[in-house]
Structures are given as C-alpha cells and as structure tokens.
Amino acid sequence: MKLTWLGHSAFHAEIAGKSVLIDPFLTGNPRAPEGFLDSLDRVDFLVLTHGHEDHLGDSDAVLEKFNPTLVTMYEIAMYYGSKGHEKVEPMNIGGSVTNDGLTFTMVNAQHSSAFMEAGKPVTMGDPAGMIIKAPGEKTLYHAGDTEVFSDMALIQRIHEPKIGLIPMGDRFTMGPDTAALACNEFLNLETIVPIHWGTMELLTGDPEDFKKKVTRGEVTIATPGQAMDL
C-alpha cells in the first residue's frame, strides 16, 4: 500500500492497484501539495467520511475530472447523484460494499455532518469512519472526524485494522491526550498517522505531543505530498 497525506484529513491511497482519494480538501488547504490532482492519471474511488466543507473539499472537481466511484454515506451519495454523478455506492454505518477488489465498511464516528448553503446548514447524514480492505493488504482505518469512544475497541476487534489515520488537532476532534488514549486502550494499530492538525490556528493539537503519549503502535508524522510505503 502506498499512502500520501495531502494535509488535514485528505489522503491518496494506492491499494491493490486501485487509486483511492479520501476527503479531498485541497483548495484552501495550506498543507495540500500544489498541483496534486494534476499529477494523478486516474482516481478509481472517492471516499467521503462526512459532509463538512473541509472534507467534501474538491469533490466536484474530482468527480468531473476522473469519474470515480463515490463511496459514502447515503445522503452524500444522493446529493452528488442529484448533481448528475451516476457512479455512487451509497451506504451507512455498519454496512460494507465490495467493488473491484476493495471492501469498504462504514463505522461510527462522533461528530456532525452538514455544509452551509445560502447561509443555512444542509444535513448530510451521519458522520463516519471508513475501513478499507483488500486481499493481501493491511487493513486501513480512516477515523474521520471523531471524539474518542469506547466502541473503537469493537472496531478493532471486528476489522483488525493495522494502519490508522487518527485525528488529534483538538477543538473539532480528539486532541493529543484523547487520541493517544484511543490508540493505547481501544485500538491496536501498527502504524498511526495523525491527521486533522495544523491546517488552521484553531487546531492546536501538536502531533509531536501526541506521538510522545502513544505507547502502542508507531506514530508516523507524515509530510504532505510524500508517499509512504506501508
């Protein structure tokens, strides 16, 4: 698996020969590598964890340019379907979808999910995390935006993720203390990549502080645009 952090919670993953883009907040993201979308020759799947603007991001541009299969919560899938995108895999918490060799499973996240349109919030269903599996690959867990919750232990028990993309920027998600608690007590990950930090001044969580607090699993502080082989 090759995993590239694009700043905030955005990732590009190459899994079992497939190109997967997750929460593609690039425009307006100061940590996003410049011109990244132009460097891709294809995107097979677009995965969206929830409906906030800093996660939907450049989804319109990605859908128009690459025509990927959109894998996301039912309401988000229907929203983009209403805009003319036909390749959608709507799903919900606890359910799984297998498409072209990859299996996606939505799991709980404690957060919210809406975007502002004409000054009013538009609900986009519930927030979620996403488990991605493929034969011969380590299981990936993108936790989305979330607070720590004890049922993370159940996610670990059922899906056995080895790689975790864990938010720790504080204010809108877990901070370093609670994210470390999640990794030390509920999850059992080999590789932990801190996300949702450093994008704006409101996100005060320090990934180095988080790394010092984690006692189970190896924390890798990613560099935006630099691929990691996992």
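The values are calculated or read from the model by the stated rules, or taken from the named source; none is laboratory data. Given the structure is predicted, the values throughout are model-derived calculations rather than measurements. A quick note on method: Cβ atoms are made from the backbone with ideal geometry, for glycine too, and the neighbour counts reach across all protein chains shown. These area figures cover heavy atoms from the full protein model, side chains too; ligands, DNA and RNA do not enter into them. Shrake-Rupley method; radii C 1.70, N 1.55, O 1.52, S 1.80 Å.
Tabulated data for the structure shown
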item: Kirkwood hydrodynamic radius (C-alpha pairs) into Stokes-Einstein, region 154-222, 10 °C and 1.306 mPa s, D in µm²/s; result: 135 µm²/s
item: Compactness index (Cα Rg / 2.2 N^0.38 Å), region 76-218; result: 1.11
item: Unsatisfied cross-links (Cα-Cα over 32 Å) in the set Lys18/Lys211; Lys2/Lys120; Lys87/Lys162; Lys2/Lys212; result: Lys2/Lys120
item: For region 1-156, alpha-carbon Rg and Dmax in angstrom; result: 14.6, 46
item: Separation in nanometres of the label points that stand 7 Å from Cα toward Cβ, at Thr98 and Ala118; result: 4.4 nm
item: Under 15 Å, Cβ to Cβ, from Pro167 - net charge with Lys/Arg +1 and Asp/Glu -1; result: -4
item: Protein accessible area in the chain, 1.4 Å probe - carbon and sulfur %; result: 46 percent
item: Stokes-Einstein diffusion coefficient of region 90-131, Kirkwood radius over Cα pairs, 20 °C, 1.002 mPa s, in µm²/s; result: 183 µm²/s
